[in-house]
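Here is the structure we will look at.
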Amino acid sequence: MGSLILLLIGLGILFLAWKAQDEIHRIATMVTGTISLIWGFSLAPLSFQLPFEIISVLAAFSVCMRCLGCGLKRD
């Protein structure tokens, strides 16, 4: 339950960061929201973490392969 609360707090703080007009407040709220999301994600059960980790690894791998041009025929 604690992980869900931290995840919701983190998402709420990040939403407020997008609405902030001052750059210093925006940076501070984004850092705070990111820390809350990381804590919430680390306290979440493995069944919740695993799909997000798999998706993030696949997304990073596809971006890496696209940028490096691996597997593409080069002339």
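Descriptive notes on the structure:
- Cα-based radius of gyration of region 11-61 once divided by 2.2 N^0.38 Å, which approximates compact folds: 1.39
- Once the Cβ-Cβ distance of MET1 and VAL31 is raised to the sixth power relative to R0 = 35 Å, the FRET efficiency obtained is 0.90.
Throughout, read-outs are computed from the coordinates displayed, never taken from laboratory work. Bear in mind that the values here come from a model prediction, so they are computed numbers and not experimental data. Cβ atoms come from the backbone with ideal geometry, glycine included; neighbour counts cover every protein chain shown.
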